């Protein structure tokens, strides 16, 4: 009887572990970014699609100082944290003057939140899936 109980718990554990899947970031996101260095903030949208190699392509668009638009594309590389959430990382060179852009964000259901560093600035992004 003990072997059957152990086998039952093993099968249940394998079934639950196999059914836990990281949240896909594919879709359209809307939210805001905020600078930790100076408190500036603004609206931002993102369109994320999957690439054939398992990474993601993201197109971010937003505004700085309420009127200055920005758009940039970057590759996002997925991993999983201990709670089974998708973690996305990006590192994109911006040139010799601006250095590089780095981001780490976590997808948790319909929320995407994380931090960025670029050109002597750092801050946060908070977005909600809209599609």
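In table form, for the structure just shown:
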{"quantity": "Among the candidates 73, 131, residue that is under 17 Å from residue 57 (Cα atoms) and assigned to a loop (DSSP other than H, G, I, E, B)", "calculated": "131"}
{"quantity": "Meets criteria (part of a strand (DSSP E or B) and over 20 Å from residue 122 (Cβ atoms)) for residue 47", "calculated": "yes"}
{"quantity": "Subset of the range 99-118 (residues that are exposed (fewer than 13 other Cβ atoms within 10 Å of the Cβ) and within 16 Å of residue 33 (Cβ to Cβ))", "calculated": "none"}
{"quantity": "Residue match in the range 89-101 (condition: part of a strand (DSSP E or B) and more than 20 Å from residue 120 (Cα to Cα))", "calculated": "no"}
{"quantity": "Pairs where the first residue, in the range 87-98, is farther than 15 Å from residue 114 by Cβ and the second is at pLDDT below 95 and part of a strand (DSSP E or B), C-beta under 9 Å, 6+ apart", "calculated": "93/99; 93/100; 93/101; 94/72; 94/100; 94/101; 94/118; 98/118"}
{"quantity": "Residue pairs meeting the criteria (Cβ under 6 Å; at least 6 apart or on separate chains; first at negative phi, in the range 63-86; second outside any loop (DSSP other than H, G, I, E, B) and surrounded by fewer than 10 Cβ atoms within 10 Å (Cβ to Cβ))", "calculated": "63/69"}
{"quantity": "Of residues in the range 1-44 being under 14 Å from the mean Cα position of the chain (by Cα) and at pLDDT below 90, the one surrounded by the most Cβ atoms within 10 Å (Cβ to Cβ)", "calculated": "23"}
{"quantity": "So residue 81, is it touching a strand residue (DSSP E or B) at 6+ places or on another chain (Cβ under 8 Å), over 19 Å from residue 32 (Cα atoms) and surrounded by fewer than 13 Cβ atoms within 10 Å (Cβ to Cβ)", "calculated": "yes"}
{"quantity": "Where residue 54 falls short, out of the listed (1) touching a residue at least 12 places away in the same chain (Cβ under 8 Å); (2) part of a strand (DSSP E or B); (3) within 23 Å of residue 23 (Cβ to Cβ)", "calculated": "(2)"}
{"quantity": "Some residue of the range 51-66 being at pLDDT 95 or above, within 20 Å of residue 131 (Cβ to Cβ) and surrounded by fewer than 13 Cβ atoms within 10 Å (Cβ to Cβ)", "calculated": "yes"}
{"quantity": "Flag if residue 32 is part of a strand (DSSP E or B), without any contact (Cβ under 8 Å) to a residue 60 or more places away in the chain and touching a strand residue (DSSP E or B) at 6+ places or on another chain (Cβ under 7 Å)", "calculated": "no"}
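The values are calculated or read from the model by the stated rules, or taken from the named source; none is laboratory data. Predicted model only: the values in this text are computed from it and were never measured. Reconstructed Cβ throughout: ideal geometry from the backbone, glycine too, with neighbour counts over all protein chains shown.
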